[in-house]
Amino acid sequence: MSPYAVTTEIRDLLLRKNLLTEQLITEAIDVSRKNQLNIISVLIEKYGLSATELLNIFSSEYGIPIYDIQQLEIKDIVEQYHNHTLIEKHHCLPIYVEGERLFIAMSDPTNITALEEFQFNAGMHTEPLLVDHLKLTELIESILEDDINALDIAGIDDAALAEMEVTDTERNTDDQESNGDDAPIVSYINKILTDAIRKGASDLHFEPYEKRYRIRFRVDGILTQISEPPISLSNRIAARLKVMARLDIAERRLPQDGRIKLKMSRTKSIDFRVSTLPTLWGEKIVMRILDSSAAQLDVEQLGFEPEQKQLYLETLAKPQGMILVTGPTGSGKTVSLYTGLNILNTSERNISTAEDPIEINLEGINQVNINTKSG
């Protein structure tokens, strides 16, 4: 159902009930469309209609039961189906599950699109419950505010967070249009990334589950949980990371790969390789930290035994052959190989690599990404 059809349906109802003149109803609809405001909000706040009267009329007209959301406590409301984008877009709130049905609190009974989108997002049948518009607004604002406040951005200097920026990426429309409400998410993710760098993590895992969301670092090959933000923020965290990596935030059914270059200061930047994977409860995102300064390590710093170091240097010096480096994630394969490349990287040599994908940029070396599609 188009937005025009929805507001036309409300207009006809208001006319039949003699709540407003046709001219005022038309004005209200125009205000709603031009300012992208909820039509019920406009009718109540700008044209003085009673939220309680509208609630009773809608319930009688559409046969949808009235629900008193004041009896709900925030802790009892289901969180795993709280898609902030849908909540703000439709001014509706999933409140509880019964069997295979998800009940949606809403003040506009004509908004069938909201029920369909929540149903698609949750993967279960949705049922409407009519609630007082003003009480619903208050509850939604409270929930969104609580979720933002639950983020832990302590322990890092605000100035350092403000200096961090994403470079080498095109400006994304969604990023440009982000408002102040996204600032806590941005700061929280920046804190997570800087913490990972400080702790020497090789990769980060952002993982959604049915009732919780966890973030883990891999340090010395071992994954450790370091944060558990509210499950209701999972989509916003994933969207922010995908915007930073120049990925399609609308695509949630297919895996995607991208890169982020995070500028820490005027002289320091860190690359991240970003991979998304659709799972049962949302998108899992894995970020691999690619510190180009690691490639500048001296062979003495790799932790080789004397015999290993000698064998490695002798093999590097040979005119042909192969060096095969194996080991688990985080064991030092990438750093060992790039250190070897750096040793060979002199002005007298022409060096080309074939990588899948390129992890660290090295000046003076012709690095080529493998592309199986193009052969």
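Details
- Some residue of region 93-114 being modelled with pLDDT under 85, open to solvent by less than 40 Å² (accessible area, probe 1.4 Å) and in a helix (DSSP H, G or I): no
- The set of residues in region 220-257 that are farther than 30 Å from residue 331 by Cα, in contact with a strand residue (DSSP E or B) (Cβ under 8 Å, 6 or more places away or on another chain) and among the charged types (D, E, K, R) comprises 248, 252, 253.
Yes/no matrix, rows are residues, columns are (1) open to solvent by 70 Å² or more (accessible area, probe 1.4 Å); (2) free of Cβ contacts under 8 Å to residues at least 12 places away in the same chain:
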position	(1), (2)
42	no, no
50	no, yes
67	no, no
70	yes, no
73	yes, yes
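- Residue check, residue 60 open to solvent by 70 Å² or more (accessible area, probe 1.4 Å), among the small types (Gly, Ala, Ser) and at pLDDT 85 or above: yes
- Of the candidates 260, 270, the single residue that is buried (at least 18 other Cβ atoms within 10 Å of the Cβ), touching a Leu at 6+ places or on another chain (Cβ under 7 Å) and outside any loop (DSSP other than H, G, I, E, B) is 270.
- If you go through region 97-148 and keep only what is acidic (Asp, Glu), under 28 Å from residue 189 (Cα atoms) and touching a residue at least 24 places away in the same chain (Cβ under 8 Å), you end up with 117, 146, 147.
- Tallying residues that are surrounded by 11 or more Cβ atoms within 10 Å (Cβ to Cβ), more than 28 Å from the chain's Cα centre (by Cα) and hydrophobic (A, V, I, L, M, F, W, C) within region 350-369 yields 4.
- Pairs, first farther than 15 Å from residue 313 by Cα in region 334-359, second of a type in the set (A, V, I, L, M, F, W, C) and assigned to a loop (DSSP other than H, G, I, E, B), C-beta under 6 Å, six or more apart: 351/365; 354/370; 356/370
- Scan of region 117-134 for residues that are assigned to a helix (DSSP H, G or I) and modelled with pLDDT of 90 or more, ordered by number: 133, 134
The values are calculated or read from the model by the stated rules, or taken from the named source; none is laboratory data. Predicted, not measured: the structure shown is a model, and the values here were computed from it. Because the Cβ atoms are built from the backbone with ideal geometry, glycine has one as well, and the counts that use them run over all protein chains shown. With ligands, DNA and RNA removed, areas are computed over all heavy atoms of the protein, side chains included. Shrake-Rupley method; radii C 1.70, N 1.55, O 1.52, S 1.80 Å.
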